[in-house]
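Peer 1: I'd like to ask some things about the structure below.
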Amino acid sequence: MARDIEKKIFKTIKKYKNIVIARHIGPDPDAIASQIALRDSIQLTFPNKNVIAVGMTVAKFKKFGLLDKSDYENFKDALLIITDVPTLERVDGIENLNYQEIIKIDHHPCSTKVADLEYIDDSASSACQLITELILNTPLKINQNIANNLFLGVVSDSDRFLISYTSVKTFKIITRLLEETKIDFISLYDKLYERPMNEIKFHGYLCENLIYNDNGLAYIHISPEILKKYDVDVATPSNMINDFNYIKDVLVWTFITYDEKNEVYKVNIRSRGPIINEIAAKYNGGGHKFASGARIYQESDIELFIKDLDNLCKEYQKNS
């Protein structure tokens, strides 16, 4: 089944002169890496096509490659490919795009069809895992830079293959990627995990100020003043939330960070048992059963959100 979809995706890509590749707002390494790797692979395979990767630039992710300016005047009747995002509402940078057809490549569960052609596998570790399969199983070309990004995307979203949706298939695909491209994967870990001292100190602040209770819920509300004090951006907490995965008495933990620029509370949620994506969906978000995100627009809703997670933990402990 997957091979049939991969063939259809390649056939559709081959048909279009203009191709725009987008991902979700507030990107993580998997979103950026999958987007840029696919763009570079299509350009490498079809040098005469116009292929761009769009969305807001995130300074810390420039190591994956640069995004393109969204000048859509020359991109009429384009093919739009969205990666690592379940719904069009969360796609970044396509507001003025005149697209003819949509392809979605994603590993998040979603019951609503949003694209003409959808490659969805919610058992996959990452969008990069699916893009790796697509490239290796079709005539799309690959080079070292593309392979580097794909490897880093898989490693990041699987938290170094520690997350529960890492599978035997994940390891097989990564093994094939390493065998066929000979990338120096050991040196890539520095690229992904090296942090400046201010971020290490901010990590210490999170550890010191995380609030937790007997029901197994831990949470922290991060103000703009704290971000400024430690000289970190609004995306930094989301890149650290997996570091709190092995606290013995914590079942669910969440970081709530106020984004002054967009006037929204960005929420990251993780779980070691209770299913959290339904609560995330209630607060303008979604994701996996044990790894989700949300967006809260009213400060008064934060208390309700915390209460919902607390009740979820309480019910989980009761039923366990």
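The numbers here are math on the coordinates, done by the rules we state, and not lab data. Since we're looking at a predicted model, the values are computed, not measured. A quick note on method: Cβ atoms are made from the backbone with ideal geometry, for glycine too, and the neighbour counts reach across all protein chains shown.
Peer 1: Pull up the DSSP beta bridges for the chain and report the antiparallel fraction as a percent, rounded to 5.
Peer 2: Counting only bridges with both partners in the chain, antiparallel ones make up about 45 percent.
Peer 1: Now a separate question. Going toward the positive end of the dipole of the range 106-148, with +1 on Lys and Arg Cβ and -1 on Asp and Glu Cβ, which of CYS128, LEU140, CYS110 do you reach last?
Peer 2: It is LEU140, whose Cα lies furthest towards the positive end.
Peer 1: For labels at SER167 and LYS248 in the simple 7 Å Cα→Cβ model, what's the distance in nm?
Peer 2: Going by the 7 Å Cα→Cβ label model, 3.4 nm.
Peer 1: Further question on the same structure: Have a look at the DSSP beta bridges in the range 198-319 and tell me what percent are antiparallel, nearest 5.
Peer 2: Antiparallel bridges: around 75 percent, rounded to the nearest 5.
Peer 1: Over the range 58-178, what relative contact order in percent results from Cα pairs under 8 Å that are six or more residues apart?
Peer 2: For the range 58-178, the relative contact order is 19 percent.
Peer 1: Next question, about the same structure. Name the residue, out of ILE186, ILE269, ILE81, whose mean-square fluctuation peaks in a Gaussian network model built on the chain with Cα pairs under 10 Å.
Peer 2: ILE186
Peer 1: Compute, for the range 198-319, the length of the dipole vector about the Cα centre, with Cβ point charges of +1 (Lys, Arg) and -1 (Asp, Glu) only. Units Debye, rounded to 20.
Peer 2: So the magnitude is around 380 debye.
Peer 1: Further question: Determine the alpha carbon to alpha carbon distance for each of LYS17/LYS289; LYS17/LYS141; LYS11/LYS266; LYS60/LYS261 and list only those over 26 Å.
Peer 2: As for pairs spanning more than 26 Å Cα to Cα, those are LYS17/LYS289; LYS11/LYS266.
Peer 1: Right, another one. Pairs of alpha-carbon atoms within less than 8 angstrom and 6+ residues apart define the contacts here; what relative contact order does the chain have, in percent?
Peer 2: Normalised by residue count, the contact order of the chain is 13 percent.
Peer 1: Connecting C-alpha atoms closer than 10 Å in a GNM of the chain, tell me which of VAL114, VAL267, VAL85 has the biggest fluctuation.
Peer 2: The residue with the greatest mean-square fluctuation here is VAL114.
Peer 1: Quick one, could you list the DSSP H helices from the chain stretching 15 Å or more along their long axis (Cα atoms) with average Kyte-Doolittle hydropathy of -0.5 or above?
Peer 2: On the way: long enough: 2-15 (20 Å, -0.97); 29-45 (23 Å, 0.24); 144-157 (20 Å, 0.46); 168-181 (20 Å, 0.16); 197-209 (18 Å, -0.56); 300-319 (30 Å, -0.81).
Long hydrophobic helices here: 29-45, 144-157, 168-181.
Peer 1: Give me ASP106, ASP159, ASP184 sorted ascending by neighbouring Cβ count inside 10 Å, so fewest comes first. All intermediate terms of the calculation are to be shown ahead of the outcome.
Peer 2: On the way: ASP106 25, ASP159 16, ASP184 9.
Least to most surrounded, the residues fall as ASP184, ASP159, ASP106.
Peer 1: Right, here's the next one. Using only DSSP helix segments of four residues or longer, with each worth -39500 (n - 2.57), what per-residue ellipticity at 222 nm results for the chain after dividing by its residue count and rounding to 500?
Peer 2: Calculated at 222 nm, the ellipticity per residue is -12000 deg cm²/dmol.
Peer 1: On to the next question. Using unit Cβ charges (K, R positive; D, E negative) and no other charged atoms, how large, in debye to the nearest 20, is the dipole of the chain about its Cα centre?
Peer 2: That gives the chain a dipole magnitude of about 980 debye.
Peer 1: Return the single residue from LEU88, LEU38, LEU67 with maximal mean-square fluctuation; model: Gaussian network over the chain, springs between Cα atoms under 10 Å.
Peer 2: Comparing LEU88, LEU38, LEU67 in a Gaussian network model of the chain, the most mobile one is LEU88.
Peer 1: What is the distance in Å between the Cα centres of the range 20-60 and the range 200-262?
Peer 2: One Cα centre to the other: 29 Å.
Peer 1: Assuming 0.36 nm per residue, please report the length gained on full extension of the stretch ASN74 to ASN319 beyond their Cα-Cα distance.
Peer 2: Working: separation 245, 0.36 × 245 = 88.20 nm, distance 5.72 nm.
So the extension gain works out to 82.5 nm.
Peer 1: Mind checking the full-extension length gain between PHE185 and LYS7? Use 0.36 nm per residue of separation minus the Cα-Cα distance, one decimal, nm. Provide the component values of the computation, followed by the final result.
Peer 2: On the way: separation 178, 0.36 × 178 = 64.08 nm, distance 2.86 nm.
Using 0.36 nm per residue and subtracting the Cα-Cα distance, I get 61.2 nm.
Peer 1: Output ³J(HN,Hα) for the range 263-269: one whole-Hz value per residue in order, computed from phi by the Karplus curve 6.51 cos²θ - 1.76 cosθ + 1.60 with θ = phi - 60°, and x for Gly and Pro.
Peer 2: 6, 8, 8, 8, 10, 10, 10
Peer 1: In the neighborhood of ASN209, defined by Cβ-to-Cβ distances under 15 Å, what is the net charge if each Lys or Arg adds +1 and each Asp or Glu adds -1? Can you show the working numbers first?
Peer 2: Details: positive: LYS201, LYS229; negative: GLU208, GLU225, ASP243.
Surrounding charge for ASN209 is -1.
Peer 1: For the range 75-90, take each phi angle, set θ = phi - 60°, evaluate the Karplus expression 6.51 cos²θ - 1.76 cosθ + 1.60, and give the result in whole Hz per residue in order, putting x for glycine and proline.
Peer 2: Running phi through 6.51 cos²θ - 1.76 cosθ + 1.60 with θ = phi - 60° gives 10, 6, 6, 7, 8, 9, 10, 10, 10, 6, 8, x, 10, 5, 4, 9 Hz.
Peer 1: Roughly how many nanometres apart are two label points built 7 Å out from the Cα toward the Cβ at HIS221 and ASN198?
Peer 2: Calculated label separation equals 2.5 nm.
Peer 1: Hey, another quick one. Antiparallel as a % of all DSSP beta bridges within the range 137-279, to the nearest 5?
Peer 2: The antiparallel proportion sits near 60 percent.
Peer 1: Something else about it: Please work out whether the range 2-192 counts as rounded, prolate or oblate from its C-alpha gyration tensor, where a ≥ b ≥ c are the square roots of the eigenvalues and a/c under 1.5 means rounded, while otherwise a/b larger than b/c means prolate and anything else oblate? Spell out each step's value before the answer.
Peer 2: Numbers: a/c = 1.41, a/b = 1.37, b/c = 1.03.
Rounded, since a/c falls under 1.5.
Peer 1: List LYS228, LYS261, LYS201 from most exposed to least, where exposure is judged by having the fewest other Cβ atoms within 10 Å.
Peer 2: Ordered from fewest to most neighbouring Cβ atoms within 10 Å, LYS228, LYS261, LYS201 come out as LYS261, LYS228, LYS201.
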